[in-house]
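Comments concern the structure below.
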Amino acid sequence: MKKTIENFLPTFKKIIVESERHCYITRNRDVQKEAIEKIKKLLADITELKKQSISQKDEDSANLLLSADCVANALISELKMYGFLKNGEPSKAWCSLIDAEDLINASLRAYNLPGFNQEGYARKLIYIEHVVFPPQTFTSPSMVWGKTDCSICKQEYGKCMHIAGEAYMGEFCIEIVQEIKQFLSLSLVSHPADKRRVLTSISEGNEGLARDYMTWKIYKDEKFSELQKNKPKDK
Amino acid sequence: MMMENIEIKESINYKNKISELKLDFPEGVVLLPNSIDSATDASQLMFDAEYDTVQKLLKSKGIEVNALSKDGGFPKIVNQSFEWAGPLILFTSKLISENPEIITTTISTITNYLINKLRGVPKGDNSVNLKITTETQSGKFKKIEYKGPVEGMKDLADVVKSVHEEND
């Protein structure tokens, strides 16, 4: 399997480097779509190789391929981000960027890919976050969990030896929440665990208008109008 | 007493507290809920979300570690902010005398895990909140709270050891 991986890595690197050339807002939309299709073909190869690694119980190769999968998907997410920005869909673009950040961070946990600067790519995505998008306001829930299970062995999470976020034979361990006992609060924070939880709008006066937090455009808030219509009248 | 990112203060006697809560005192490195200080009943205790992970990490390095427990277990409180918050870690004098390297080994295991976990996160944004309590030579307990980037944890073990050596 090692030989197969050694032969695969130069191909992987070539496609990744070619795709990175199109990770700019100025690139033509069709060129970026073609890059996404090329990466998707690469992902099919990665999936097949990972299956072979797993069947041969080669954890090192399986985790390397998991990391490669994450990098490839991170690039797809970044390319999609540019598409959404060009389409005037900045909120979707933001979510795609955060997907890319999460994926590259996951690739770092899974395996240090030889010849690929994963940390450098992670830094680049953070720069995009701060330069392309306005500062965000995040929400962070606080809750009480009951039973949680391990996604790898399906046992109760506290009873096995798998650690959430780590890679095992090509798969990340996830702590799966089976029971939420209580929702405690929702806070506004500057550093959330999940940057997708953003404030999307703020109300503008009492006339059912809201301002989109990303575009700063004012729009009619249909949900607010509905709430106002159903509001009990004061006695 | 304050050093950069580290605050040291007097704390309650956890041996007495655990007994008051009618719970058994665990062996080895002890993981406690951060809410234990103010709890008047075991039903009020909730572990921080990362205590399972910390327990597994330490066990994987051959460290004897046990979380405070009761029938039915304790629920976990999850604050989904970015800061990594660990459980309260307790070192008794007996444990340290039996294994003088236990403080260093425990803290370095957690530090190495966090360095890997937070690799893609900008240095200014990675944030750790870890509380450790140690029994001193005079039988008191002191709490050492670290709040800062993972890179700053390199001196934490020495601080905990020097607090343990206190005899006032």
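Since every read-out is calculated from the coordinates, none of them should be taken as a lab result. All figures in this text were calculated on a predicted structure; none of them were measured in a lab. Using ideal geometry, Cβ is built from the backbone for each residue, glycine included, and neighbour counts are taken over all protein chains shown.
The table below gives the values:
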read-out	value
Rg(Cα) / (2.2 N^0.38 Å) computed for segment A:146-231, rounded to two decimals	1.71
Those residues of segment B:42-86 whose amide nitrogen sits under 19 Å from the label point placed on B:LYS94, 7 Å along Cα→Cβ	B:63-70
Value in Å of the Kirkwood radius, where chain A supplies the Cα pairs that are averaged	20.6
For q = 0.15, 0.20 Å⁻¹, Debye-computed log10 I/I(0) when each Cα of segment B:1-73 counts as one equal scatterer	-0.59, -0.96
Alpha-carbon centroid distance for the pair segment A:127-158 / segment B:119-168, whole angstrom	25
Nitroxide proxy distance, nm - points 7 Å out along Cα→Cβ at A:LYS181 and A:VAL144	0.5
B:GLU165, A:GLU175 arranged by Cβ crowding within 10 Å, fewest neighbours leading	B:GLU165, A:GLU175
Note, ³J(HN,Hα) from phi for segment A:150-165, Karplus 6.51, -1.76, 1.60, rounded to Hz, x at Gly and Pro	8, 6, 7, 10, 6, 7, 4, 4, x, 9, 9, 9, 7, 10, 4, x
Where only C-alpha atoms are counted, convex hull volume of segment B:62-151 per residue in Å³	132
Links that overshoot a 29 Å alpha carbon limit, given the list A:LYS51/B:LYS59; B:LYS61/B:LYS161; A:LYS124/B:LYS56; B:LYS61/B:LYS143	A:LYS51/B:LYS59; A:LYS124/B:LYS56
Per residue convex hull volume, Cα atoms of segment A:37-174, in Å³	134
DSSP H segments from chain A that extend 18 Å or more along their own axis, Cα-based, with Kyte-Doolittle mean of 0.0 or above	A:59-86, A:90-110
Kirkwood hydrodynamic radius of the protein assembly as shown, Cα pairs, Å	24.1
Ranked list, fewest to most other Cβ atoms within 10 Å of each Cβ, for A:GLU171, A:GLU59	A:GLU59, A:GLU171
Near-label residues of segment B:136-165 by backbone N, under 13 Å of a point 7 Å along Cα→Cβ of B:GLU10	B:140-143
Residues with amide H under 5 Å from that of A:HIS191, placed H, sequence gap 5 or more	B:PHE82
Cα-based Rg / Dmax (Å) for chain B	15.2, 44
Cα convex hull volume per residue for segment A:98-150 (Å³)	100
Rg in Å to one decimal, and Dmax rounded to a whole Å, for segment A:12-63 via C-alpha atoms	14.3, 44
Residues with amide H under 5 Å from that of B:MET3, placed H, sequence gap 5 or more	B:ILE8
Fewest-first sequence of A:CYS150, A:CYS70, A:CYS160, A:CYS23 by Cβ atoms within 10 Å of each Cβ	A:CYS160, A:CYS23, A:CYS150, A:CYS70
Potential lengthening between A:GLU226 and A:HIS130 on full extension [0.36 nm per residue; Cα-Cα distance subtracted]	31.0 nm
Segment A:112-177: trypsin sites (Lys or Arg not before Pro) in DSSP coil with no more than 16 other Cβ atoms inside 10 Å	A:LYS147, A:LYS154
